[in-house]
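The values are calculated or read from the model by the stated rules, or taken from the named source; none is laboratory data. Bear in mind the structure is a predicted one, so any value in this text is a computation, not a measurement. Every residue, glycine as well, gets a Cβ built from its backbone with ideal geometry; the counts of neighbours run over all protein chains shown. Please note that ligands, DNA and RNA were not included when accessible areas were found on the heavy atoms of the full protein model with its side chains. Shrake-Rupley method; radii C 1.70, N 1.55, O 1.52, S 1.80 Å.
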Amino acid sequence: MDEDDEELLFHASRGGEEEEQVEVAAGGDLRHGVVRGPWRAVAWIYTRPWASGVVLGGFALLPCTLFAFMLLYCPPLDIDLSYSAFEVHSHFSAERFDALAMAVKTQLGSWNRRRRDSDGGEAEALRELLMKKLGSNGTLRKASETAKGDRGSTRRRRRLAPDYYLQSQALWRIELVFVAQGDGERNIFTPERLRTIHEVERLLMQHPRFPQFCWKPMEALRDLPLGPSYCSPPSSLLSYLYPSERGGKIYYDGMGPDLADIQGSLSLAITHPQFYWYVDESLSPENLSSSLLRSEIHFGAPLPSYYSVQDRADEQRSHFKNFAVQYAEILAKQSTSQVKVLYGGTELFDHEVRHTFRNDMMLALISGGCITVLVYILTSFSAFLTFFGLASIGLSCLMALFLYHVVFGVRYLGILNGVAAFVIIGIGVDDVFVFINTFRQAAHLGHPRQRMVYTIKTAGRATFLTSFTTAAAYAANAFSKIPAVHDFGLFMALIVSCCWLWVCVLMPAALCIWSRRVEAHEHEGFHCCKWFGGLSSIHGPLSDDDDDVALLSVEMEPDPLEADGDAGILFLSPETTLNPVGQQHQGVVSAKLQWALTRWVVQPTVDRRKTILGIFLVLFLASACCCCLLKPASHAPLLFRQDTNLQTLLALRSNLSSQGISCPMCSGVFMEKPHFLYNRSSSLTFRTWTHQRARSAAASTSTAPLNTAEQNASVNQSGLLLTVFISNLELRSSTRVYRFSLNATTPSPWTLCGTEREQVSSFQAFSRPWRNYTRRMTVCVSHDYYPYPSWMITFGSCDRRHSWMPEFSFYVAAAAQQHSRKLHFAQHKLRPHPTRVCVSPPGCGVSATPDGPTRGTFYAPLPEDSTTAAPENTSKMFGFNPCTGGACGRPAVRPLVDTGAMVFVVFGILGVNRTQRGGNHVIGDVGNVILDPDFDIFQEMGYLCKICKAVSANKQLVKPGGAQCLPSGNKLSSVLPLLHPDCHALPEPNLLPGQLSHGAVGTHAGKVRWLSMAFESTTYKGKSSFQTYSDFLRWETFIQEQLSTLPQSSALRRGFQTCEHWKQIFMEIISVESALWSLLLSLVICVAAVSVFTAHLLLLLPVLLTILGVICVVGAIMYWLGWELGAVEAISLSILVGSSVDYCLHLVEGYMLAGETAPSPAGLGNETAAWRQRRCVEAVKHVGVAIVSSAVTTVISTLPLFFCVIVPFAKFGQIVAINTTVSILFTLTVTVATLASAAPVHFSRTPGGVLKAAVAVLALVSAGGAVWWAGGRR
């Protein structure tokens, strides 16, 4: 800044001269303020409303035009909401798996669908090559020709298959998972839960458009109850539990109206290995209990009016998607207190993800509304400045999107970029407030050009320092290897930079128009408010009439010796006395906020600066210790809230089979043929069952399942079943007591309970344990409560110490049974502690006071009158037991359904070539497979068989029956021993019938180019990445040990093991490490930038202490909240530096602007300290309102993120809010206290000093980089 500009910028005009009266004296002497050079043009534009209007229009039109060009003429900007965006594409784990996936896709057409769509062609190709190798044997040639003939006929039959039948091929599906919840045992196989599941499945099939999309297999034609549409029912175990009967035949299709015998139906279903696909891994033949039940509804193609599946396939899929998403709203309402209904499938899951993302983004509208109101208040009710302040932020976002997509060529908008909409509001509003407050504080400069140039120079420089530092801190994330973090860092750096530029251009123009044209109208509005509301005199938001004191009292005699540099900008007059706030007009929000900051925050901080620094030191050390105690994540990363359908389904997938395994033909429709009830063994079953039903109906006493009704009929005769009668008595004071008795006679004045308030008058129980009714309950009585006794019931024993004596006991069930009802009981907390039994939740509405400790639920058999008529109103299948008399076979052995991580051992593939790839994003072209030219399967066959046996024998790594060394094909195992003796007795996988092996081979030009063996590992996919990393090391070590035993010339030594799960664990591990390195790099960049801008170590110290303190305290808060350090938390931490440097740097800049021109008296140390403290107070007066307003706005903008369903959004918002709160508190306390204690008093920032600081920082950075490079070379 030259001498003339300096003097002009801070020269207070003594008169009211207009612009035309400004003259320049001969010889360059300055009589009145004048603007020269480029600033003259700037001042001319920003002091004329019409020119400012042109600037507003031009810079508002430019981003809109570019954004429209991007939408119309550039490739669409894709939105990537998956966790795959966090995968490090260049990591060896990703390269290995991608190479195998591309090889499989090249060979079979798809990776994800290959196990469903492949027809064993790869096994046939391999067998042909093996037979050709053994072609010298005539027998083998004949066998080969026979096999070829069989395959040819199979292919002919497959070609002649009726592909053109409408909806005959199962192409789409909706996945359902029913999870047991609520009180009692978490077993899904209870009557109440099974009825709920049956109602849900029937509800889906009753959709009016269901027949237009349902799957219609040929097997459905033999199931008469499915007519006339013959749509396939859900693939579910309910096909066994709800069989239907038509014409004397039983059909296991799940369409029956009544529940069959649960144990018998499950005993029949478990005879098929497909049964285990529907349940969790805890179920066994000895314990038929599962916490969940799977179901699938399949939909068929081609749809009506389409010739085949390939006929306009995209159009068919679009029709189905529009139909399937209608189920989302229906299924979302089906969960009950006992059953949680989860739903998925490709179309439904994608719809739910996008719907959730849109809903979370809608919270930005709420945030925008709150911020608009808040900015309107903080600008002292100026709608004009509020509009253009927020518009400048919005236009900068459009410009940043254009640069991000068009200039930098990024095609994807990741999930983290959505958070930028919330974060940039706080950063942009910060710049807006600085411009507004600087313009306000320049009101003493009467000349409009002086005032405007002062505002642009002062506010522009202050916001440039903070914006550059913030953008640089965010840009540090652009060096991350994680695509999502890299894109987020680039996008935030662009948006912060554009925001600063647009605010610097638009806000001066808006301030010019406001001061010349709008201010008077806003005054009129405020006067109207005064006239209507009787308010005190209110000045405009930036009115020169308010009592805001200028930055400092300005003297008109600047020292010519200090004309260069920034120190001579102001002169502090010791005699200047600040008018106490409150003695003049008040009414603007900024004035009150400034007064509050000065009175209640800054002045006490300056006076007690040593105490504050001591407290900060203790807090800093304690927080640093807590940060060291942060633990790595102990669970898989969450993408959605835990209670949502999406996240619960994702979490359960670690307990279910992989998505690639579908079971459309596993239900009773396909496993059990329709047969007559009197057929074979079912004849005995049905006769026994109907005989029991007849006796049960005659006796009218059975309350147990009907297949055991004969035994239940004698319950009353043997005295097992008893009735507990409940009567009540209302005492004075409106207290009601209850009496429990086995005698039906009710003595006076007691009365039998009615049905009001959901109470019961009686219930049945058993006198001793019987079947599942084994929960003992005791009725206790106490005579201490005069004049009547008091009764209570409890699961425990009577408390004799308080005079509770046992009267009688009975037995009930702890879980739901057939023909049972759920009852609740609760004891009143107040005397005389009565206990009430009812059908509502615990508490039963005894009173408004809390219930006592004795309360709970139990299941009692239904009363006799409700069961006598039940058999007459039910179908023949009610309580039917298909396994009576031992009719069912032995339980099947549990197959493997990919519940563990599938590890592949690959040979013949060297890697993937990504040289033609422009970026590191997971979406797009992933490269080309590099094959091993030396791989020869015939030379390596013996070693391959040895490796297969060795890996499958390692029970610590591989599940029993989990080795899948060969592709699907029953004849390969018989051919391989002929090639090498080590291939005898290869391990056979235990798969579902019809399930294809994960093992694969790649052939080309009559040669096997690669081979992959698959092994279902013992690795549980629900563990955290840090815990799973040890499993990866065990696999890697074991495979390398096996390969090291091979000859040096063997091509198998270049084999490797890979797993899709390994990609995920390294994604999280690298995310944490990368985020921490980004945090460190951001801190280094921030320190370097501040060092250059301040050019003084003692001014760098407050900024450094504040940032370090903020980082440690935020980490400590995460520890105190019980958070763990996962990928989401680590990525959120990477923005701490960029978000926390703004406020403290603004304050340091304000301290430098408050520099003195007159030196303090020599020898007066206390006077020097007083000058330093006064500069701190004036610095806060200059920027305090702006940074506090910005902090409040940032916190308000992130509050809606707390309610987001997407966990990264919610965690990100929480961390930003915590960081902003801690940052503003530390800025107003720690930074102020440090400046008041150690800041230089007479330091002036000169261009030479800034240049020296830049050279020093550059030298240090170069030296550090050299040391880093040298260390990396060793």
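What to note about this one:
- Counting only residues that are out of contact with any Lys or Arg (no Cβ under 7 Å at 6 or more places or on another chain) and at pLDDT below 85, region 332-348 holds 1 of them.
- Long-range neighbours under 9 Å by Cβ, at least six apart or interchain, first residue farther than 21 Å from Phe422 by Cβ and surrounded by 17 or more Cβ atoms within 10 Å (Cβ to Cβ) within region 368-383, second β-branched (Val, Ile, Thr) and modelled with pLDDT under 85: Ser380/Ile538; Ser380/Val588; Ser380/Val589; Phe381/Ile538; Phe381/Val588; Phe381/Val589
- Of note, Cys397 does not satisfy the criterion of being of a type outside the set (S, T, N, Q), part of a helix (DSSP H, G or I) and open to solvent by 40 Å² or more (accessible area, probe 1.4 Å).
- Residues of region 749-770 that are surrounded by 15 or more Cβ atoms within 10 Å (Cβ to Cβ) and closer than 20 Å to Lys822 by Cβ: Cys753, Gln759, Val760, Ser761, Ser762, Phe763, Gln764, Ala765, Phe766, Trp770.
Yes/no matrix, rows are residues, columns are (1) open to solvent by less than 10 Å² (accessible area, probe 1.4 Å); (2) in contact (Cβ under 8 Å) with a residue 40 or more places away in the chain; (3) within 19 Å of Val1216 (Cβ to Cβ); (4) among the hydroxyl-bearing types (Ser, Thr, Tyr):
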{"position": "Phe1038", "(1), (2), (3), (4)": "no, yes, no, no"}
{"position": "His1061", "(1), (2), (3), (4)": "no, yes, no, no"}
{"position": "Ile1070", "(1), (2), (3), (4)": "no, yes, no, no"}
{"position": "Cys1086", "(1), (2), (3), (4)": "yes, yes, yes, no"}
{"position": "Leu1098", "(1), (2), (3), (4)": "no, yes, no, no"}
{"position": "Trp1120", "(1), (2), (3), (4)": "no, yes, yes, no"}
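- In region 247-295, the residues that are of a type in the set (D, E, K, R), in contact with a Ser or Thr (Cβ under 7 Å, 6 or more places away or on another chain) and over 20 Å from Gln338 (Cβ atoms): Asp253, Glu281
- Hits in region 771-795 - residues which are open to solvent by 40 Å² or more (accessible area, probe 1.4 Å) and either charged (D, E, K, R) or in contact (Cβ under 8 Å) with a residue 12 or more places away in the chain (or both): Arg771, Asn772, Thr774, Arg775, Arg776, His783, Asp784, Tyr788, Phe795
- Subset of region 1100-1118 [open to solvent by less than 10 Å² (accessible area, probe 1.4 Å) and under 25 Å from the mean Cα position of the chain (by Cα)]: Val1114, Gly1115, Ala1116, Met1118
- Counting only residues that are in a loop (DSSP other than H, G, I, E, B) and either open to solvent by 10 Å² or more (accessible area, probe 1.4 Å) or among the hydrophobic types (A, V, I, L, M, F, W, C) (or both), region 291-312 holds 11 of them.
- With respect to being of a type in the set (Val, Ile, Thr) and at pLDDT 80 or above, Thr644 fits the description.
- Counted residues, region 274-288 - those being over 17 Å from Ala180 (Cα atoms) and surrounded by fewer than 21 Cβ atoms within 10 Å (Cβ to Cβ): 3
- Scanning region 618-647 for residues that are β-branched (Val, Ile, Thr) and over 20 Å from Glu175 (Cβ atoms) turns up just one, Val618.
- Condition check for Ser367: modelled with pLDDT under 80 and more than 29 Å from the chain's Cα centre (by Cα): no
- Evaluation of Ile1187 against (1) modelled with pLDDT of 80 or more; (2) assigned to a helix (DSSP H, G or I); (3) under 23 Å from the mean Cα position of the chain (by Cα) (one fails), failing number: (3)
- Among the residues making up region 180-196, a single one is under 24 Å from the mean Cα position of the chain (by Cα) and open to solvent by less than 30 Å² (accessible area, probe 1.4 Å): Ala180.
- Matching entry among Pro871, Pro853, Pro841 (being over 23 Å from Ser741 (Cβ atoms), of a type outside the set (A, V, I, L, M), modelled with pLDDT under 75 and open to solvent by less than 20 Å² (accessible area, probe 1.4 Å)): Pro871
- Those residues of region 877-886 which are at pLDDT below 75 and either under 17 Å from Glu245 (Cβ atoms) or among the charged types (D, E, K, R) (or both), in sequence order: Thr884
- The residue that is nearest to Leu1225 (Cα to Cα), among those in region 609-644 that are free of Cβ contacts under 8 Å to residues at least 12 places away in the same chain, open to solvent by 90 Å² or more (accessible area, probe 1.4 Å) and over 27 Å from the mean Cα position of the chain (by Cα), is Ile615.
- Within region 1232-1251, considering residues that are of a type in the set (Val, Ile, Thr) and not in a helix (DSSP H, G or I), the one surrounded by the most Cβ atoms within 10 Å (Cβ to Cβ): Val1241
- Residues satisfying the stated conditions in region 39-88, i.e. within 30 Å of Pro483 (Cα to Cα), part of a helix (DSSP H, G or I) and of a type in the set (Gly, Ala, Ser): Ala68, Ser84, Ala85
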